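Some notes on the structure that comes next.
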Amino acid sequence: DGLVRDNERGCTRTTMAAGEDDHVATYKAVDREHDHHGADKPRRGCVRFVAISDTHGKHGALGLLPLGDVLVHAGDFTERGDLAEVDAFCEWLSQQPHARKVVIAGNHDLTLHGGAYEQACRDWGVTIDGRERERCVAARARLKTVPGLEYLCCSGTEVEGVRLWGAPWVPTCGGVFTKPPA
């Protein structure tokens, strides 16, 4: 069913619940002591994270996410990094109630890696038209329009004393942000 833990600060009891829907794996921190769709705040000194990844453009199918202080999307929010996919994600993300949003790219988020985008387009059969660099700049610029969003790419941030590090790199498997295993 899930993993139940009380953290060392005595914060709200949390269950990690996993679900799978047509290649969309979701992991949500569900607050069992409060209505996770209600307005209750965590205890003082606590911070609530809601973490999702691998939505591949299907983020709208997640429904109502649990409330939290920070929403983290840990990669693959698009299928191929099209600007229309980035726009749809940014619109959806802007509507989420979390004060802070942290986004880390994944190997499917092609337009977020300017250096590898053109080759990934060739590998994945995406049309090359000479505007690849422009699309990569536009994708990052669109992320910056989302209120409260921090894009982490081999960088970090801090939330209430909790340090987060975002690195999109994965073993070679196609797409961008890939490296051969050491």
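The values are calculated or read from the model by the stated rules, or taken from the named source; none is laboratory data. It should be emphasised that the depicted structure is a prediction, and the values quoted were computed from it without experimental measurement. So basically every Cβ, Gly included, is an ideal-geometry build from the backbone, and we count neighbours across all protein chains shown. These accessible areas exclude ligands, DNA and RNA; they are computed on the full protein's heavy atoms, side chains included. Shrake-Rupley method; radii C 1.70, N 1.55, O 1.52, S 1.80 Å.
The figures follow:
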read-out: Segment 76-170 - percent of accessible surface contributed by carbon and sulfur, probe 1.4 Å; value: 49
read-out: Potential lengthening between ARG131 and SER94 on full extension [0.36 nm per residue; Cα-Cα distance subtracted]; value: 10.6 nm
read-out: Label-point gap, in nm, between ALA51 and ALA138 - each point 7 angstrom along Cα→Cβ; value: 3.4
read-out: Amide proton proximity set for LEU149, modelled H, under 5 Å, gap of 5+; value: LYS101
read-out: Accessible area per residue, Å², segment 77-182 with all protein chains present, probe 1.4 Å; value: 53
